[in-house]
Amino acid sequence: MDTRVPTGLSRIIDVARLAGVSTATVDRVLNRRPGVRAITVQRVLKAATELDYMPAEDLQAAMTPKPMRLLFLLPDGTNRFLTMLGQLIAHSETRLTPFNVRCRVETIKSFNPELLARRLWDCRDKVDGVAFMALEHPAVRETVNLLAERGVPTVTLISDILNARRAAYVGLDNRSAGRTAGYLIARFIGPRPAKVAMIAGSLSYRAHEEREMGFLHLFEELFPAIKVVGLREGRDDAERNYRQTRMLLGQHPDLAGIYNIGGGADGVARALKEMGRERDIVFVGHGLTPDTRSLLIDGTMDAVITQNPQNALMSCVAIFDNLRAGREAWHGAEAPRSEIIFRENIPGPNS
């Protein structure tokens, strides 16, 4: 219980009665402990003010919420878009000041669902919310549900997970993104029979699986003369993508297009250039980064499907702020939008 001596004659039970809550809730609010909805906090503080329960300076301290501790858990590796997102989060303290949050970025070994589940669970008492790139796996799903039971909200970022109690998903409609990639490649190739190929990061990511499905269905529905040949996994690694691309070109010398579903576009580009195919193979990928900008400019890539990483960050923070205040997760927040970047419309580096 609160051991401080009130300035007036009111007791903690009087504050609780006026606010319509328990004395335990009053104690949690006045000692700035978590676990109380924002609207309830305001009722308790209003009652304490009306009853002159505590000194003004103590009441002011209680009315100032502690900074919300947010963790962004991202895969490590050579995915340039994720690296760029992590750097943006790490250097956004000034931008996030109005939200009263403290953001921390941690990286984790990619494509390891058991490790991801353990890291999520390990942070349960250290943060007020977690944003992470989900892997579709029962261990991850169960951990998300357990965190929800403990009052630790999670937001899936870039890749979602189904049938789990995450608070929101911040990312593209990936099935639509896959269809868009297929449509671009087909229109670049033109009305002729051809072969195209896909390189995924990992189909453990629902985002990559949905992009694959959208890509395949687009050709089945609209461009049946174009055949999609073997899907390969590059695990967002440039060197692995390089080898996979060389193998594809060796097996299918008449290949007309490549869709890189994940990261590591520079590996695909290196193989195309070494084999002299960078001008005759349509190459579409994801994530506008310094590497993909250069590949668009030199003509190796034809289009990049991307989302604004700053908007993704601000959407995550707004969602956690809404949850803390007892509002709907997406209240006033902006859902991510896909952008298609060509050489002719590349935005400035700071856009």
Förster-model FRET efficiency, 56 Å R0, Gln42 and His217, C-beta, rounded to 0.05: 0.65
Cα gyration tensor shape for segment 204-266, rounded if a/c is under 1.5, else prolate or oblate: oblate
Neighbourhood charge, 14 Å Cβ-Cβ cut-off, centred on Met301 and excluding it, Lys, Arg +1 and Asp, Glu -1: 0
Inter-probe distance in nm under a simple model that places probes 7 Å from Cα toward Cβ, at Arg187 and Glu149: 4.9
Charge tally in the Cβ shell below 13 Å around Arg179, where Lys, Arg are +1 and Asp, Glu are -1, Arg179 excluded: -2
Helix 80-90 vs. the chain, principal-axis angle (Cα, 0 to 90°, nearest 10): 20
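Sort Leu162, Leu30, Leu51 by accessible area with a 1.4 Å probe, largest first.
Leu162, Leu51, Leu30
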Segment 186-261 - percent of accessible surface contributed by carbon and sulfur, probe 1.4 Å: 49
Net +/- balance of residues flanking Ala225 in space, Cβ distance below 11 Å, scoring K and R +1, D and E -1: +3
The chain, relative contact order in percent, only Cα pairs under 8 angstrom and at least six apart counted: 14
Protein-only accessible surface order, largest first, of Lys195, Lys273 at 1.4 Å: Lys273, Lys195
Solvent-accessible surface (1.4 angstrom probe) belonging to Tyr169, in square angstrom, nearest 10: 40
Computed lengthening from Lys126 to Gln251, 0.36 nm per intervening residue step minus Cα-Cα distance: 39.9 nm
Rounded FRET efficiency, nearest 0.05, which uses the C-beta distance separating Arg118 from Asp298 and R0 of 41 Å: 0.45
Ranking by accessible area, most exposed first, for Glu142, Glu220, Glu210 with a 1.4 Å probe: Glu220, Glu142, Glu210
Qualifying lysines (Cα of each under 30 Å from Cα of Lys66; at least 8 residues distant if same chain): Lys46, Lys126
FRET E, pair Gln310, Arg11, Förster distance 56 Å, beta-carbon r, rounded to 0.05: 0.70
Mean Cα-pair separation over length for segment 9-144, i.e. relative contact order, pairs under 8 Å, 6 or more apart, %: 22
Contour excess over end-to-end distance, with Cα ends at Asn345 and Arg327 and 0.36 nm allotted per residue: 2.7 nm
Label-point gap, in nm, between Glu106 and Ala139 - each point 7 angstrom along Cα→Cβ: 1.5
Per residue, in Å², the accessible surface of the chain once ligands and nucleic acids are set aside, probe 1.4 Å: 47
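The values are calculated or read from the model by the stated rules, or taken from the named source; none is laboratory data. Being a predicted model, the structure only gives us computed values, none of them experimental. Note that each Cβ is placed from the backbone with ideal geometry, even for glycine, and that neighbours are counted across all protein chains shown. Surface accessibility is based on the protein's heavy atoms, side chains included, excluding ligands, DNA and RNA. Shrake-Rupley method; radii C 1.70, N 1.55, O 1.52, S 1.80 Å.
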